[in-house]
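Here's the structure we're looking at; comments come further down.
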Amino acid sequence: MDTDATQKPRFADYIRPVWQRKWLILVAVIVATAGVYTYYNQQAKVYDADTLVYTKDPGDPVSGVQASQSSDRAVQNQAALLYSRDIAARVKKETGYPGTAGQLLSSVTITARSGEDFVSISARSPIPQQAADIANGYADEFVRLSKQQNQLRIAKALKVANDQLNALGKSSSNKEVRQTLGDQIRRLELALAVPSTSAQQVNPAVAPISPTSPKPLRNALFAFVLSLILACAVAFGFERFDRRIKRPEDIERAYGLPLLAVLPHSPSPTPVENGMATVHPVFRESFRSLRTNIELANLDHPAKVILVSSAIPGEGKSTVARNLAIAFRETGKRVVVVEADLRRPAMSSSFAHEPGPGLTEVLTSEATLDEVMLWVPVAVPGLETIDSMTPHPIPDTNGSSNGDPAAEHAGTVALLLSGSRPANPPAVLASEQVVRLLDQLQLQFDIVIIDSAPLLSVTDSVPLLRYADSTLLVSRLGVTSRDTSRRLVEFIARVPDARPIGVVANDLSQFEASGYGYGYGYAGRYGYGYGYGDKEQKKAQKKQAEAQQSA
């Protein structure tokens with residue numbers, strides 16, 4: 001699974017390949033099981049009927065001495081005689097079998113048991129009663145053949161005795177021999193007149209109740225087990241060659257940068273309540289941790305301009321920039337978000353605003369900063385109190401301040417959208433106007449967060465890398481590959497004055513979170529609710545929204 005050799009595997013490492021492809025495995029198992037069951041359930045039913053025939057050695061027909069047991073070879077020879085077409089024809093006639101004698105032979109199995117005096121006869125037919133009739137028919141033929149062979153042996157012995165008697169003279173010297181032969185002849189004639197058999201059917205075959213084949217349930221169960229094993233093996237095979245980063249602890253090795261925060265998966269990463277942007281409860285502690293780690297990474301020179309980017313699209317950089325701005329705002333800092341992704345802007349939708357003029361219009365002097373700047377109310381309980389404690393009031397975009405922290409733009413985050421898409425985004429962002437604009441924003445705000453284009457997709461963000469105090473990279477677990485992270489690190493290393501401070505692991509699944517000890521719902525679990533219950537928090541948000549509307 002491409003894990004580090006020195007790292008101790010966890011239980012989740014073995015479960016992940018199956019869990020991530022659980023739907024593929026489930027579909028494969030269902031299709032295989034249902035297919036096998038349907039196939040065998042549609043096959044013609046076949047019934048087996050069995051019977052046993054006991055056979056014994058008739059002994060010496062002359063002396064009448066019985067053998068203690070039959071030899072295996074003698075029993076096998078008698079069983080083999082039943083495989084003749086003549087016998088099959090007789091059984092076919094007696095049972096009314098509709099097929100040919102050859103087909104009847106192929107449906108019968110006759111086995112002489114080694115070390116025993118029993119012959120097992122098994123017949124197969126799509127009709128239960130017919131299977132029993134065939135087995136019993138062959139048993140009858142076995143008994144008949146045994147009787148016939150015994151009679152032939154007696155008749156042969158009788159002929160030999162008569163020939164010997166006729167060859168003797170009538171002299172007195174042959175009297176005893178003649179008397180002995182006469183006794184033998186009388187015994188043989190009696191045995192020939194009263195026929196006996198050395199074979200007897202045991203346990204006559206009866207019509208079976210259930211078919212021998214097919215067995216759809218048994219075969220379906222076997223298909224279920226086999227398909228599950230094979231599907232899991234394929235899942236592990238895919239995982240072995242999967243180069244995507246799956247675990248938060250792999251981030252630092254892949255990027256060579258500190259892991260600043262782990263963001264769990266959320267169905268609503270950019271919620272808006274009562275017209276105010278807020279951070280989903282599942283994110284709150286994660287973004288507070290990220291904010292703290294950013295501050296700790298620059299104790300000597302606190303970062304004012306933070307560039308948020310990623311290697312490729314779809315890793316969540318805009319979501320991180322948006323929620324990080326709210327996390328900084330809840331500490332009372334003046335925050336502005338600059339949307340510098342001029343190709344695929346997403347900040348307006350994340351703040352529930354309609355797209356409009358913005359950065360492009362300011363850089364081309366088509367509009368002033370004051371005209372295009374948006375002030376987005378944020379749902380941060382207790383923000384009024386925090387603002388009253390803040391030494392720097394919220395300024396207007398022209399740099400002036402009314403000195404009142406509860407003034408026009410209190411409780412908001414400033415948002416500068418990307419505006420219209422220029423014909424040449426890299427040239428626009430590399431212009432001197434961008435530097436002057438960012439310098440102006442640094443004077444007006446405590447934190448400038450720049451949402452930039454993906455670094456490996458386009459070169460638009462290269463000038464911003466050199467300007468930003470800190471560059472924050474976003475990596476989406478299960479999306480970013482190790483090769484992509486390596487190319488990104490090499491790319492940033494070639495940019496002079498670039499200051500990457502760490503990586504955010506985004507979209508940690510609930511399964512991975514439980515397997516690696518990253519908790520969900522920190523605010524609810526540990527009681528970090530800003531001192532507000534749910535009702536009080538909603539009341540505070542509503543009051544803040546009314547204040548914004550009245551302002």
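The values are calculated or read from the model by the stated rules, or taken from the named source; none is laboratory data. Please read all numbers here as calculations on a predicted model, not as lab measurements. In this analysis, Cβ positions are derived from the backbone assuming ideal geometry, glycine residues included, and neighbour counts consider all displayed protein chains. Note: accessible area is taken over every heavy atom of the protein model, side chains too, but ligands, DNA and RNA are not part of it. Shrake-Rupley method; radii C 1.70, N 1.55, O 1.52, S 1.80 Å.
Across segment 225-344, the mean sequence separation of Cα contacts (distance under 8 Å, 6 or more residues apart), normalised by length, yields a relative contact order of 17 percent.
Taking Cα pairs under 8 Å and at least six residues apart, what relative contact order does segment 80-149 come out at, in percent? Could the numbers behind the result be given before it?
On the way: 67 pairs, mean separation 20.3, N = 70.
Across segment 80-149, relative contact order equals 29 percent.
Note that segment 143-281 carries a Kirkwood radius of 26.2 Å, evaluated over its alpha carbons pair by pair. What residue among Thr111, Gln151, Thr100 has its Cα farthest toward the positive end of the dipole of segment 92-174, where the charges are +1 on Lys, Arg and -1 on Asp, Glu, each on the Cβ? Looking along the dipole axis, the top candidate is Gln151. Overall shape: oblate for segment 301-356, with the ratio a/c of the largest to smallest alpha carbon gyration tensor axis at 1.5 or above and b/c at least equal to a/b. Over segment 236-303, Cα pairs under 8 Å with separation of 6+ residues give a relative contact order of 22 percent. Other residues whose C-beta falls under 12 angstrom from the C-beta of Pro204 contribute a net charge of -3, scoring Lys and Arg +1 and Asp and Glu -1.
For Phe236, the accessible area of its heavy atoms, probed at 1.4 Å with every protein chain present, is near 70 square angstrom.
The accessible surface of segment 187-283, taken with every protein chain in place and a 1.4 Å probe, is 68 percent carbon and sulfur.
Ranking Phe241, Val282, Ser227 by how far each Cα lies toward the positive end of the dipole of segment 197-327 (charges on Cβ) leaves Ser227 at the top.
Taking a probe of 1.4 Å, how large is the accessible area per residue of segment 94-161, in Å²? If you can, show how the numbers build up before the last one.
On the way: 3110 Å² over 68 residues.
Here the per-residue accessible area is 46 Å².
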